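Data first, discussion second: the structure below is written as structure tokens.
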Amino acid sequence: MAPIPDSKAGPKRALLVGVQTPDMPDGEADELLLELQELVENLHFEVVDCLLVNLKRTTPAFYTGQGKAQEISELAKELEADVIVFDSALSPAQQRNWEKLAERAVIDRQEVILEVFADRAHTREAGLQVALARLEYSLPRLTRAWTHLSRQRGAGSMGGEGETQLEQDRRVVRDRITHLKQELVSVVKQRDVQRRKRQRVPVPTAAIVGYTNAGKSSLLNAMTGSTVLAEDKLFATLDPTTRQMDLPGNGKVLVTDTVGFIRRLPHGLVESFKATLEEVVVADFLMHVLDVTSPHWEKHHATTLSVLEELGALGRPIITVFNKADVATGLDIAEARKIVPDAFFVSAKTGKGLPQLIERCSELCAGSDLQHNLLIPHTRYDLVARLRRVGSILEEDHQEEGVLIECRFPPAQLRYFESFIVVEAPKKKSKKATK
């Protein structure tokens, strides 16, 4: 096997190969190839050329035809490329054939994405998830490294050649996969404990989802006043981050930023990131963020919805949010509004459109709340404090009998306030104070 160049050892030269098949819409292969280029450049590789192959049908040996494979191999040698990167997924056998023919490393889009994720994984949870995905991807490809090796095992009456190095290495990888899955179970339990702690005070939850580099982390910062890492690159952060956002009328919502999606995301990564993406499944509603300046936002929209469907999260209310409206043209916004008429157009950078988006979040949070008039005695100000934490105070009036409050609160809180509900509010005797 030709070793994959170490991206941290200095710039390496990469030849990118995209494939346009008959079942793909015209131009889609070009879009994916540009996306692959950005992924590869995030690994600090130097892209020496991008080649698009029109393929009528795939072949089991090289994916492309033998003649085209020979042509690409010669081009890679001529350009002195260290690695050939395919935008399409290659089988283990196809990778072996390519590396034998080209005499250099040959990888596909899935392996590039795994390397980018590995480069971005900074916490224990993200590291475990990426390590698991990489091992599951590499297990059927171990023959790229070990086909020529064997090890003599056994003696005496056992006799014969024993376990090959390949068999031993597969066993080691399987054991490591089992160990990582056990560790991830522990991570999921810890996340469940954290979630239950949050649910003791039933604050509504929202999850920000969307294509990678659409501005999700920037939107979280703008809406909550936090300082989460937000950079203009793919998969700047892999770990879910939860922050509290204040809503009009003393309301609150916990907003979680999630890992970005991408076309042709390796299935193993979706499976490995289930612990992270569980926040999407349990959220009360979702904010789907799109880059309105991207010419491919419709495909990004479809990709995200596809992953959400796989997670079983499409039944949640979804707010569609077009970000980067400050640099979009009027035509960009008009076209997007025509296709998604109820979307919000915002700028996380300038704050444009954020008040309207926050108001919509408030409406969704209040949708399941109970609205009542309460007359709370002056001796029970602890209930007023609780109401400020878990609900929204619409009107508040101090009277001789107690505090008259018009409010909303979650159904789970009814047992605390039920005995103080008044069907008909007493006539107010003092000036109303609105919160």
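Read-outs: derived from the displayed coordinates by stated rules, not from any lab. Values in this document were obtained by computation on a predicted structure and should not be read as measured data. Note: ideal-geometry Cβ built from the backbone for every residue, glycine included; neighbour counts use all protein chains shown.
Going by a ≥ b ≥ c, the root eigenvalues of the Cα gyration tensor, does segment 370-420 fall in the rounded group (a/c under 1.5), the prolate group (a/b larger than b/c) or the oblate group?
Prolate.
With label points built 7 Å along Cα→Cβ from the Cα atoms of residue 375 and residue 70, find their separation and express it in nm.
Using points 7 Å along Cα→Cβ, the separation is 9.6 nm.
Using the structure shown, list the pairs from 77/299; 100/216; 100/181; 299/349; 252/324; 77/216 with a Cα-Cα distance above 31 Å, or answer none.
Over 31 Å Cα-Cα: 77/299; 100/216; 100/181; 77/216.
By the scheme Lys and Arg +1, Asp and Glu -1, what is the net charge of all other residues having a beta-carbon under 12 Å from that of residue 362?
Once positives and negatives cancel, what remains is -1.
With a/c under 1.5 counting as rounded, go ahead and sort segment 203-366 into rounded, prolate or oblate using the C-alpha gyration tensor (a ≥ b ≥ c being the square roots of the eigenvalues; past the cut-off, prolate if a/b is larger than b/c, else oblate).
rounded
Give me the net charge of residue 78's neighbourhood, meaning all other residues with Cβ under 14 Å from the Cβ of residue 78; Lys, Arg count +1, Asp, Glu -1.
-3
Set the Förster distance to 25 Å, then compute FRET efficiency between residue 398 and residue 246 from the Cβ-Cβ distance, nearest 0.05.
0.55
Sum up the charges of everything whose Cβ sits under 11 Å from the Cβ of residue 48, counting Lys and Arg as +1 and Asp and Glu as -1, but leave residue 48 out.
Residues near residue 48 contribute -3 overall.
Please report how far the C-alpha centroid of segment 362-409 lies from that of segment 286-334, rounded to the nearest whole angstrom.
Segment 362-409 and segment 286-334 have Cα centres spaced 37 Å from each other.
Which of rounded, prolate, oblate describes segment 7-117, given a ≥ b ≥ c as roots of the alpha-carbon gyration tensor eigenvalues and a/c under 1.5 marking rounded, otherwise prolate only if a/b is larger than b/c?
Since a/c reaches 1.5 but b/c is at least a/b, the shape of segment 7-117 is classed as oblate.
Could you work out the Rg to Rh ratio of segment 38-93, with Rh taken as the Kirkwood radius (inverse of the mean 1/r over all Cα pairs)?
Rg/Rh: 0.96.
Show me the GluC sites (Glu not before Pro) within segment 317-414 that DSSP assigns to loop and that have at most 14 other Cβ atoms within 10 Å of their Cβ.
The qualifying sites are 400, 401.
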